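Right, one structure below, let's go through it.
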Amino acid sequence: MKHQNRLTQSRSPYLLQHADNPVNWYPWGDEAFKAAHDQDKPIFLSIGYATCHWCHVMAHESFEDPEVAALMNSAFINIKVDREERPDIDQVYMTVTQMLTGSGGWPMTVIMTPDKQPFFAATYIPKNTRFGRMGMMDLIPKVQAAWNDDRPKLLESAGQIVANLQTVGGHGQPGEISPAIIGTTRQDLSSRYDTIEGGFGTAPKFPSPHTLLFLLTFGETQDDAKAIDMVSHTLEKMRQGGIFDHVGFGFHRYSTDKEWLVPHFEKMLYDQAMLLLAFTEGYRITGREDFADTAREIITYIDRDLKSPDGAFFSAEDADSEGEEGVFYLWTEEQLIEVLGKDDAAIARAVWNTSPTGNFLPEASAKASVDNILHLQGGIGATAKDLKLSEAELQDRLDRIRIELLETRAKRPRPLLDDKILTDWNGLMAAALARAGAVLEEPAYISQAQSAVEFVLNRMQDSKGRLLHRWREGHAEIPAFLDDHIFLTWALLELYDATLEPRFLKQAVTLQEQTDTLFWDSDRGGYFFSAPDNEKLLVRPKEIYDGAMPSGNSVAAHNLIRLGRLTGRTAFEDRAHALTTAFGQSVSRGPSGHTHLIDALQRGTNPAFEIVICGNRDDPKTKVLLNTVRTSAPARSSVLLIEPGTQGKAVRTLAPFTENHLMIDGQPTAYVCQDHQCQMPTSDVKELVRQLTAQPPSKSENSATKRER
């Protein structure tokens, strides 16, 4: 019988993966730290997540190996942490790892004192030393000897690391951010743009959808076609590449090469959400139907494979199955012929660029394979000509071929589904679905967003109404973090924009007020990642860097500006300004690492429309006014609907400035304000279009007019 460690009672899929390891793992908690004190041992902290490929590699090499486990059990108290369940722990020790090694990633390994003070950090560690990377078999005896024989030096080092951590602490350096940083960011991205393959920089390439959203906003508001072209080219190349699953849809985590061909094959919910937003906005601005199609394909994937029976969304699918990375997604040409027959296999080969020798070389192995990653090299028009088919004929056959491959693939052993439900990631997905539903005019997508939000609000709060972070197997646990509050608020705002139902705006305001109470730093500004009654770690971090996801502070800046303009409460926009200045110097030094925050600056500095429609939503005349606003108003306009009765009263309570906004002569009426200047109310559609499309007077023109008056 295999050794049973203390992870067997965990609800984390990641911790349960290690429950049968011969390593004597503890979950993070008092029992582990007491054992470290009582046994006078340092702590080996291992942080990862359930769908992390290199976490699996290290587990197979070391944590499942009795020889390594014996050394670990002798030298350490060993703790496993799921970074997705405890992002607060991950943030603190990731900062340490980056300080000590210059980089970060998972699996993350930190060795520390029983008082949680780190003195060693690394990412993946092999079992045996190779190519200059020290292995576990050499590292563990060295650390054990240093702990036993040279402890004062280790403790001094740990103290210095903690002091440095508390100095940097993720708090950022304050300062005003000049609006000029918006143009600077645009130029910086342009200088790193890959004109051939799209994206920014070289391998590995991450999708970074928030950077694409920044450029789309810049291009739209500054009439910068090049900025929009960079996004369009990147979206097109990603959709064509192997980073996209051409059989089952959805995007893999990132590309290991600059061509978007070879991905790390895990599929994360938050990547689907952010890319759904990018393709949706790409479609809205360019009108390209292929972007709308890709948005719909992402939704098809998450609806089929990541949606829980209760309407919320699971977290991820693994990269590995059958002990190998990517095997679920790969095809040999022999397999294609076996499934499709020679004629259809020839079409698949021509469209998806397979070859008898394969195009996939596993990163963890130098051994060649004959496996193929399906990918496109341009559109299907040229391929249709080569095959002497029309594009419509080829697309019809390709749709049938794809279904056959999908049905065959479904019989393979599937990658692990990480079936925990996280509030923050569900907030992101709900926001993206609501936005896609509004732009693509698909009410079903809005309903899906609403179901996910209602799951969180109904099942992921404690008895006192406090939001919780994780739900699995009927249990909601772990006090919520900043991102949970902020991303859920984002979803509520998108649902309000999509439906104009005041309950969503009310919930957004209430949640934002709770967020301000729990997380706002009243001394320095900005939001802490954890609430004051969360577990106290070495530091109480703040995050502003926009990494795989935009930071909670960046999204909060967007939310606050939107809430300020919807409700007329200037305190929200004041807080948004205080937030940006809390991190000003940090952001100004590296703007391209903070593109979502700088996108919020665009939202704050660009001229804004505030539009109020008074009328019953079922009145055809009200519908005409609302449709006119949706088609003619600039993006990111704030729209309120004031209906007769209790619905209207609810909105007036939330937005007191609308108290005197009434229907005129009993007719549905529109009120349009831009940049703090209001037009005359109107019930005339042509006049409404004129007000929404007229250029606002410049500040110099305003001054001249005032002098003339």
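Quick note: the coordinates plus some simple rules give every number you see, no bench work behind them. Keep in mind the model is a prediction, meaning the values are calculated, not measured. Glycine gets a Cβ as well: all are built from the backbone with ideal geometry, and neighbour counts include every protein chain shown.
Think of the chain as having a plus end and a minus end, set by charges on the Cβ of Lys, Arg, Asp and Glu; of PRO415, MET238, ILE285, ILE285 sits farthest toward the positive end of this dipole. Neighbour counts of C-beta atoms inside 10 Å place THR101, THR95 in the sequence THR101, THR95, starting with the fewest. The phi-based Karplus calculation (6.51 cos²θ - 1.76 cosθ + 1.60; θ = phi - 60°) puts the 3J(HN,Hα) values of segment 257-264 at 10, 7, 8, 6, 7, 9, x, 7 Hz, whole numbers, x for Gly and Pro.
Relative to the longest principal axis of the Cα atoms of the chain, the long axis of helix 225-240 lies at roughly 50 degrees. Multiplying the residue separation of ALA163 and LYS258 by 0.36 nm and subtracting their alpha-carbon distance yields 30.3 nm.
Based only on other Cβ atoms within 10 Å, what is the fewest-to-most ordering of ARG652, ARG253?
Lowest to highest Cβ neighbour count: ARG652, ARG253.
Computed from the C-beta positions of HIS676 and SER308 and an R0 of 45 Å, the FRET efficiency is 0.50 to the nearest 0.05.
Which order, highest average first, do 315-323, 342-350, 268-276 follow once you tally other Cβ atoms within 10 Å for each residue and take the mean per peptide?
In decreasing order of mean packing, 315-323, 342-350, 268-276 become 268-276, 315-323, 342-350.
Simple point charges give the picture: +1 on the Cβ of Lys and Arg, -1 on the Cβ of Asp and Glu, and for segment 609-708 a dipole about the Cα centre of about 220 debye. Remark: segment 347-358, residue by residue, has Karplus-estimated 3J(HN,Hα) of 5, 4, 4, 5, 7, 9, 6, 8, 8, x, 8, x Hz, where x stands for each Gly or Pro and the curve is 6.51 cos²θ - 1.76 cosθ + 1.60 at θ = phi - 60°. Computed from the C-beta positions of ALA350 and ILE196 and an R0 of 25 Å, the FRET efficiency is 0.65 to the nearest 0.05. Toward the positive end of the charge dipole of the chain, with +1 on the Cβ of Lys and Arg and -1 on the Cβ of Asp and Glu, the farthest Cα among LEU457, PHE314, ALA75 is that of LEU457. A compact globular protein would have a Cα radius of gyration near 2.2 N^0.38 Å; the ratio found for segment 13-168 is 0.96. Quick check: the angle from helix 87-101's long axis to the longest principal axis of the chain, C-alpha only, nearest 10 degrees? Relative to the chain, helix 87-101 is tipped by roughly 60 degrees. The value of relative contact order for the chain, using C-alpha pairs under 8 Å at least six residues apart, is 11 percent. Inter-label distance, GLU67 to ASP293: 5.4 nm, where each label sits 7 Å from its Cα along the C-beta direction. Working ranking of peptides 211-220, 304-313 by packing, defined as the average number of other Cβ atoms within 10 Å per residue, highest first, is 211-220, 304-313.
Taking the chain as the reference, fit the longest principal axis to its C-alpha atoms, fit the long axis of helix 502-519 to the helix C-alpha atoms, and give the angle between the two in degrees, 0 to 90, nearest 10. Roughly 50 degrees, rounded to the nearest 10. Using a simple spin-label model with pseudo-atoms 7 Å out from Cα toward Cβ, ILE403 and GLN98 lie 4.7 nm apart.
Rounded to the nearest 500, what is the chain's calculated 222 nm mean residue ellipticity when only DSSP H runs of at least 4 contribute -39500 (n - 2.57) each, over all residues? Counting only the DSSP helices, I get -16000 deg cm²/dmol. On the beta carbon distance between ASP150 and ASN128, with R0 = 22 Å, the FRET formula returns roughly 0.35. Placing +1 on the Cβ of every Lys and Arg and -1 on the Cβ of every Asp and Glu, with no other charges, gives segment 514-620 a dipole of roughly 240 debye about its Cα centre. Rounded to the nearest 20 debye, the dipole size of the chain about its Cα centre is 1300 debye, using +1 on the Cβ of Lys and Arg and -1 on the Cβ of Asp and Glu. Residue ranges 580-591, 127-138 sort as 580-591, 127-138 when ordered by packing (mean number of other C-beta atoms within 10 Å per residue, highest first).
Potential lengthening of the chain between GLN395 and VAL624 amounts to 78.7 nm, from the contour at 0.36 nm per residue minus the alpha-carbon distance.
Between the listed residues LEU100, GLY183, LEU165, the Cα displaced farthest toward the positive end of the dipole of the chain, a dipole computed from Cβ unit charges relative to the Cα centre, is found at GLY183. The residues HIS375, HIS252, when put in order of fewest to most other Cβ atoms within 10 Å, stand as HIS375, HIS252. Evaluated at q = 0.05, 0.11 Å⁻¹, the base-10 log of the normalised Debye intensity for the chain, with identical point scatterers placed on the Cα atoms, takes the values -0.27, -1.23. Put a dot 7 Å past the Cα of GLU176, heading toward its Cβ, do the same for GLU477, and the two dots end up 5.0 nm apart. Working from Cα pairs under 8 Å separated by at least six residues, relative contact order for segment 583-695 is 30 percent.
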